[in-house]
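Written out below as structure tokens is the structure these notes cover.
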Amino acid sequence: MQDSLNKLRESIASVYMGNARVVDRLVACLLARGHVLVEDVPGVGKTVLANALARSIHADFTRIQCTPDLLPTDITGAAVLNRQRDDFEFRKGPIFANIVLADEVNRTTPRTQSAMLEAMSEGQVSAEGAMHPLPEPFMVIATQNPYEFEGTYFLPENQLDRFLMRISLGYPAPDDEVRILDVQPARTTLKSLDPVLTREDVLALQATTDAVRLDRSLADYIIALATATREDGDLRVGLSPRGSLAIAQAARATAVLAGRDHCIPEDVVENVLPVCAHRVVSKTAMHEGDTITARRIMQRILETVPSPV
């Protein structure tokens with residue numbers, strides 16, 4: 001199992017020459033059956049990172065380029081007339097894939113963004129009076145530009161809550177940027193990247209993650225953190241039960257990456273900010289997508305609530 005995970009990390013790192021911790025967080029989201037929102041300024045490798053993961057897995061991959069004129073049916077699919085049968089049939093949209101890259105997701109309207117809610121939450125699409133299950137594994141990797149950039153929309157609170165993690169890449173270290181200039185991975189290495197895991201391998205890793213032991217003391221710790229957010233006077237919206245579940249599953253995935261079959265307090269602590277900061281809303285935030293103040297409050301709560309020994 002560890003050999004497979006190391007191969008996956010190395011495959012992604014051969015293209016995304018940046019923060020290794022970001023690679024681990026992305027892989028953790030895959031193991032935890034979660035979706036990830038990657039936010040940063042243009043040009044730091046958001047799309048390259050997502051493509052590297054998708055190409056490293058022998059599974060169906062689609063890319064949705066989000067634009068202001070994108071319609072919900074452009075994502076989920078629509079009923080079209082079959083002239084041979086003189087009847088309408090449902091034609092699946094790009095959401096029906098194992099790895100879905102929603103590029104610049106906040107450049108499309110909230111109505112279209114919401115078209116992905118059912119798919120991300122329940123692994124299915126309701127259309128034309130029928131339920132259409134999505135393939136397994138299923139993961140949405142959404143990239144977005146900062147809200148201050150022109151032509152962007154806020155993601156609705158209910159959609160933000162569907163992302164297991166919200167991560168930022170940052171700028172590469174000088175040595176990594178030199179490697180980028182030499183190799184130009186988006187033009188060279190990415191195109192020749194071969195899969196290192198099959199769809200069955202990913203499902204087996206996800207099952208292993210589900211089986212990781214989370215002691216009662218750690219469950220109580222997660223609940224204590226969630227309760228602290230709900231009672232904090234600086235927060236308008238605290239952590240929901242879905243958020244508590246997200247912390248627990250992210251902790252399990254972190255334990256698997258470390259080669260353990262049980263969680264330790266550090267697995268929980270490491271995931272609190274990327275899992276929770278986009279789910280809580282500060283009373284002083286200018287909008288729900290502003291997580292700067294929320295991260296500051298979550299850090300304070302993390303330092304206040306005692307962790308189990």
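Derivation of every value follows stated rules applied to the coordinates shown; laboratory data play no part. Everything numeric here is computed off the predicted structure, so don't read it as measured data. In this analysis, Cβ positions are derived from the backbone assuming ideal geometry, glycine residues included, and neighbour counts consider all displayed protein chains.
A few remarks follow.
- Centroid-to-centroid separation of the stretch 16-76 and the stretch 151-179 [C-alpha atoms, Å]: 10 Å
- Computed over the chain: relative contact order in percent, which uses C-alpha pairs under 8 Å that are six or more apart: 22 percent
- Value in Å of the Kirkwood radius, where the stretch 152-307 supplies the Cα pairs that are averaged: 17.7 Å
- The chain - mean residue ellipticity at 222 nm from DSSP helices (-39,500 (n - 2.57) per run, n ≥ 4, rounded to 500): -12500 deg cm²/dmol
- Loop-resident sites, the stretch 70-102, for trypsin sites (Lys or Arg not before Pro), counting at most 16 other Cβ within 10 Å (DSSP): R83, R85
- Long-range Cα-Cα pairs in the chain (distance over 25 Å), rounded percent: 51 percent
- Dipole magnitude of the stretch 1-210, debye to nearest 20 (Cβ charges: Lys/Arg +1, Asp/Glu -1, about Cα centre): 260 debye
- Gap separating the Cα centres of the stretch 205-247 and the stretch 78-140, nearest whole Å: 30 Å
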